[in-house]
Amino acid sequence: MGNADLRDLAVIETVAYDDLAGSVVAVDAHNWLYRYLTTTVKFTRDSAYTTAGGEEVANLIGVVQGLPKFFEHDVTPVFVFDGGVTDLKKDEVQKRREQRERYEEQLEAAREAGDSAEVATLDSRTQRLTGTIVDTTRELLELLDVPVVDAPAEGEAQAARMARSGAVDYAGTEDYDALLFGSPSTLRQLTSKGDPERMELDATLSEHDLTWEQLVDVGILCGTDFNDGVSGIGPKTAVKTVREYGDIWGVFEARDVYIENVDRIRTLFLDPPVVDDVTVETGVEPDIEAAREFVVGEWDVAADEVERGFERIADATIQTGLDRWT
């Protein structure tokens, strides 16, 4: 999920990774994994992540290259995987499928034309999280003893609830809708080279003199993965009108507009299907040798693409000197 219009409203600041030492982050697994998957496909030779049977597992390279950053800064990641998709999201899913099909057509044309640069770009855009990619990712995380949580629906909603309940310190996702799901503090840019961004709910509400419920109304008016927004209403106008009329129903009445299923959409953000009382075990013991054998031996991933990642995980184990990484 993700409403980019919320970027204009969210209170966000860059935070040094060193300041996050000792923190636990509930990471939106599909969101995090997709970014590493597409990056790996774009910048890594196909043969490095293609098995003898022709199956592509670029995700394994992405995971090994992406995890060390958490370990090196004494941050415990908890990967939260999506469950079922609500029927309200079917239109968004269909749009993404159609866009991917257009990219696949362009990819075939680029291959026929011998345009390697365009092939790399389009190949990354046609990636999707297959059952094999999700299953092998989970098994690798298990070998590295990284905690995993299964969400009944949206992983982002589960991560937000875990942050809200205090089970973790932060939700971790690139999407701004974490605000609408009520995450008090969210880390973005966890897959970038620099320091992450921290997005604060209370500061955002205070900045715009809104309640959480009103912020959800603002997001719905602008548009979410569950609905199209109202034509002519951008983030600033949405804030102004919600403050003026009190809530989304007041805006509907004043502007003579309506959004179908608004009650259900509102509930999906304010009270989504999640697992409560999640306990996070941080005393983990990554089995690097078993993980290396799984990636390189069992799935034919090129050793030179993952060796540095495994070395960094091993080095982080020594450097932190903490029980949970030993």
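The values are calculated or read from the model by the stated rules, or taken from the named source; none is laboratory data. Just so we're clear, the structure is a prediction, and the values are computed from it rather than from any experiment. Note: ideal-geometry Cβ built from the backbone for every residue, glycine included; neighbour counts use all protein chains shown.
Mind checking which residues of region 68-79 are more than 29 Å from Arg45 (Cα to Cα) and either modelled with pLDDT of 95 or more or not charged (D, E, K, R) (or both)?
His73, Val75, Thr76, Val78
With the requirement that a residue be under 29 Å from Ala159 (Cβ atoms) and of a type in the set (Val, Ile, Thr), what does region 252-276 give you?
Ile259, Val262, Ile265, Thr267, Val274, Val275
Inspect region 38-60 for any residue being touching a Gly at 6+ places or on another chain (Cβ under 8 Å), in contact (Cβ under 8 Å) with a residue 40 or more places away in the chain and among the aliphatic types (A, V, I, L, M) and give the result as yes or no.
No, every residue in region 38-60 fails to be touching a Gly at 6+ places or on another chain (Cβ under 8 Å), in contact (Cβ under 8 Å) with a residue 40 or more places away in the chain and among the aliphatic types (A, V, I, L, M).
Counting only residues that are among the hydrophobic types (A, V, I, L, M, F, W, C) and either touching a residue at least 60 places away in the same chain (Cβ under 8 Å) or in contact with a Ser or Thr (Cβ under 8 Å, 6 or more places away or on another chain) (or both), how many does region 211-224 have?
4
I'd like to check something: does region 314-325 contain any residue that is of a type outside the set (A, V, I, L, M), part of a loop (DSSP other than H, G, I, E, B) and within 25 Å of Val78 (Cβ to Cβ)?
yes
Could you tell me how many of the residues in region 248-266 are more than 29 Å from the chain's Cα centre (by Cα), assigned to a loop (DSSP other than H, G, I, E, B) and surrounded by 14 or more Cβ atoms within 10 Å (Cβ to Cβ)?
1
For residues that are under 17 Å from Leu144 (Cβ atoms), β-branched (Val, Ile, Thr) and not in a helix (DSSP H, G or I), scanning just region 267-294, find the one that is modelled with the highest pLDDT.
My answer is Val280.
Tell me which of these Leu221 doesn't satisfy, since it passes every other one: (1) closer than 19 Å to Trp32 by Cα; (2) modelled with pLDDT of 95 or more; (3) crowded, with 18+ Cβ neighbours inside 10 Å.
Leu221 satisfies every listed condition except (1).
Here's the yes/no breakdown for (1) under 20 Å from Val134 (Cβ atoms); (2) under 17 Å from the mean Cα position of the chain (by Cα); (3) modelled with pLDDT under 70:
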{"residue": "Met1", "(1), (2), (3)": "yes, yes, yes"}
{"residue": "Leu9", "(1), (2), (3)": "no, no, no"}
{"residue": "Leu33", "(1), (2), (3)": "yes, yes, no"}
{"residue": "Arg45", "(1), (2), (3)": "no, no, no"}
{"residue": "Glu55", "(1), (2), (3)": "yes, no, no"}
{"residue": "Gly66", "(1), (2), (3)": "yes, yes, no"}
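Identify the residue in region 164-196 that is within 14 Å of the chain's Cα centre (by Cα) and charged (D, E, K, R) and, among all such residues, is modelled with the highest pLDDT.
It comes out as Arg188.
Looking only at helices (runs of 4 or more DSSP H) that lie completely in region 137-246, which have at least 2 residues being of a type in the set (A, V, I, L, M, F, W, C) and farther than 26 Å from Ile259 by Cα?
155-165
Out of Gly246, Gly250, Gly297, report the one residue that is at positive phi and at pLDDT 95 or above.
On inspection, the qualifying residue turns out to be Gly246.
Could you figure out which of (1) under 28 Å from Tyr170 (Cβ atoms); (2) crowded, with 21+ Cβ neighbours inside 10 Å; (3) out of contact with any Ser or Thr (no Cβ under 6 Å at 6 or more places or on another chain) isn't true of Met199?
Failed condition: (3).
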